[in-house]
1. Do any chymotrypsin sites (Phe, Trp or Tyr not before Pro) in the stretch 167-249 lie in a loop, going by DSSP, with at most 15 other beta-carbon atoms within 10 Å of their beta carbon, and if so which?
2. Summarise the accessible area of the stretch 83-191 (1.4 Å probe, protein heavy atoms) by the percent that is carbon and sulfur.
3. Please arrange Lys175, Lys109 by accessible surface area, largest first, computed with a 1.4 Å probe and ligands excluded.
4. Show me, for the stretch 30-37, the HN-Hα J-couplings you get by feeding each phi into the Karplus relation (A = 6.51, B = -1.76, C = 1.60, θ = phi - 60°), rounded to Hz, glycine and proline as x.
5. Using a basic spin-label model with each label point 7 Å from the Cα along Cα→Cβ, how many nm lie between Glu136 and Arg13?
6. R0 = 41 Å: FRET efficiency of Arg189 with Leu147, Cβ-based, nearest 0.05?
7. Which value, in debye to the nearest 20, gives the size of the charge dipole of the chain about its Cα centre, when Lys and Arg are +1 and Asp and Glu are -1 at the Cβ?
8. Kindly provide log₁₀ I(q)/I(0) values, in the same order as q = 0.13, 0.14, 0.17 Å⁻¹, from the Debye equation applied to equal alpha-carbon scatterers of the chain.
Amino acid sequence: MADPDVEQEALDRAGEEKNLLVVYQPIHDARTREIYSAEALLRQWRRSGEIREASIITDAAEAGPDLFKLDSWTLRTAFADAAHWPIRINVNLSPREFQEGNVLPRLTKLLTGCSIDPHKINLEITEVSFIDDPEETMEILDELKKLGIELWLDDFGTGHSSITHLQRFPVDGLKISGEFVKRVPGDRRSSAITRALINLAHDLSITAIAEGIERQDQLDFLLECNCDYIQGFLFSKPMTREELEALVL
Ligand code: G
Ligand code: MN
């Protein structure tokens, strides 16, 4: 196995060279509006002073083999920042991580290196992660759950969504895609799907989370459906570590 110190340095360099930063978007308790967790999102400072979205960096061919380092850098930064927070931390585990292999030992090492309690972590995965090798992915996720990590299905209802994953795997949270949320309550179909997904989650004893909430009428609808947690620009935009700490520490 590679020297951990050398690996850490390589990660630090990757982050510095690309002017990366991790920002945090709060996830609120729907009833109390208190901050329940924060989702770590990768951003890049531009020379112009503007901040770029992570998806643009991570989709860019220019990132090449470093892409993978960026994922690890984001996780490590988020775990280190959140280790002493009184709230939970949500991190996105890219499907690339599963393709790269060794997810379990790599993640375990990051966790111990940052001294964060795994019970504070919500790991967001998309169903794309199941495509290549569903059995292996499920085994890895099982092990992660044993460490105390909660698993949330991200962007649920879009992409390669399959109810089979809910039938076969004990996820803890279902994050309803903003594609539905942005059309409620005006669009009848989106509203029916959103309500059904929240009910499905509750019948499975799973937490329901709605993302991308921008308007009061969306919030009213989601509260009526008893959605558990809410995230979106209506409450909080992604913010720096310092800004979040001013709210929660
Ligand atoms: O699906 P995922 O959780 O990875 O998406 C997170 C992205 O969604 C972030 O880049 C974040 O900036 C963006 N986002 C968060 N809240 C809102 C919102 O209320 N409206 C819109 N349009 N985008 C949002
Ligand atoms: Mn996410």
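1. Working: sites: Phe180, Phe221, Tyr229, Phe233, Phe235; in loops: Phe233, Phe235.
Sparse-neighbourhood loop chymotrypsin sites (Phe, Trp or Tyr not before Pro): Phe233.
2. Solvent-exposed carbon and sulfur of the stretch 83-191 make up 49 percent of the total.
3. Values: Lys175 0, Lys109 75 Å².
Descending accessible area places them as Lys109, Lys175.
4. The phi angles translate into 5, 7, 8, 6, 5, 6, 9, 7 Hz.
5. 2.9
6. Values: r = 39 Å, r/R0 = 0.95.
Calculated value: 0.60.
7. Details: 27 positive and 45 negative charges, 146 e Å.
For the chain, the charge dipole is close to 700 debye.
8. After summing over all Cα pairs, the log10 values are -0.83, -0.97, -1.43.
The values are calculated or read from the model by the stated rules, or taken from the named source; none is laboratory data. Given the structure is predicted, the values throughout are model-derived calculations rather than measurements. No Cβ is skipped: glycine too gets one built from the backbone with ideal geometry, and neighbour counts run over all protein chains shown. Heads up: the accessible areas ignore ligands, DNA and RNA and are worked out on the full protein's heavy atoms, side chains in. Shrake-Rupley method; radii C 1.70, N 1.55, O 1.52, S 1.80 Å.
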